[in-house]
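**Student:** Quick one: this structure, given as structure tokens, is what I'll be asking you about.
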Amino acid sequence: FSLKKGNVLDENCPDHNPSLNSWNPGHQPDKAVIVKRGHLFRLESSATFHSLTIQSGGLLVFADSPDGSKNITVRTHHILIEDGGALHIGSPKCRYRS
């Protein structure tokens, strides 16, 4: 993950977490995707799945951009976030702009 010139790392923004791995899963409408314990992903682009499960210890964060141009869309039948798993799209102190 790299911030473009002029952007500032903000600890209040979930997508600025340096522990996150960039993730561009693409469009796989028949696939059941599982974010497992220890998988820490920053979703960088739109994606399509049959289902998305985020297990305990797994984290999925939507990437954002200062100008709001990311416009990430996830198409799925359902999302299951198990106890201890997390999905972040912005935060109270870092509003999602895209």
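Values in this text are rule-based calculations from the coordinates and carry no lab data. Predicted model, so just to flag it, every value in this text is computed and none were measured. Glycine gets a Cβ as well: all are built from the backbone with ideal geometry, and neighbour counts include every protein chain shown.
**Student:** Run the dipole for the chain about the Cα centre, Lys and Arg Cβ at +1, Asp and Glu Cβ at -1, nothing else charged, and hand back the magnitude in debye, nearest 20.
**Tutor:** 160 debye
**Student:** Rg/Rh for the chain: what does it come to with C-alpha atoms and Rh from Kirkwood?
**Tutor:** Looking at the chain, the ratio lands at 0.96.
**Student:** Around GLU44, with a cut-off of 11 angstrom between Cβ atoms, what is the net charge of the other residues, counting Lys and Arg +1 and Asp and Glu -1?
**Tutor:** Net of charged neighbours comes to 0.
**Student:** Would you kindly state the longest site-free stretch of the chain, with sites defined as trypsin sites (Lys or Arg not before Pro) in a DSSP loop (not H, G, I, E, B) surrounded by at most 16 other Cβ atoms within 10 Å? If you can, show how the numbers build up before the last one.
**Tutor:** Details: sites that count: LYS4, LYS5, LYS36, ARG37, LYS93, ARG95, ARG97.
Value returned for the longest uninterrupted segment is 38-92.
**Student:** Per residue of the range 89-98, what does 6.51 cos²θ - 1.76 cosθ + 1.60 with θ = phi - 60° give for ³J(HN,Hα)? Whole Hz please, x for Gly and Pro, Karplus curve as stated.
**Tutor:** Along the range 89-98, the couplings run 10, x, 7, x, 9, 8, 5, 6, 9, 7 Hz.
**Student:** For Cα pairs less than 8 Å apart in space and 6+ apart in sequence, what is the mean separation divided by the residue count of the range 57-98, i.e. the relative contact order in percent?
**Tutor:** Details: 44 pairs, mean separation 25.0, N = 42.
The normalised contact order for the range 57-98 reaches 60 percent.
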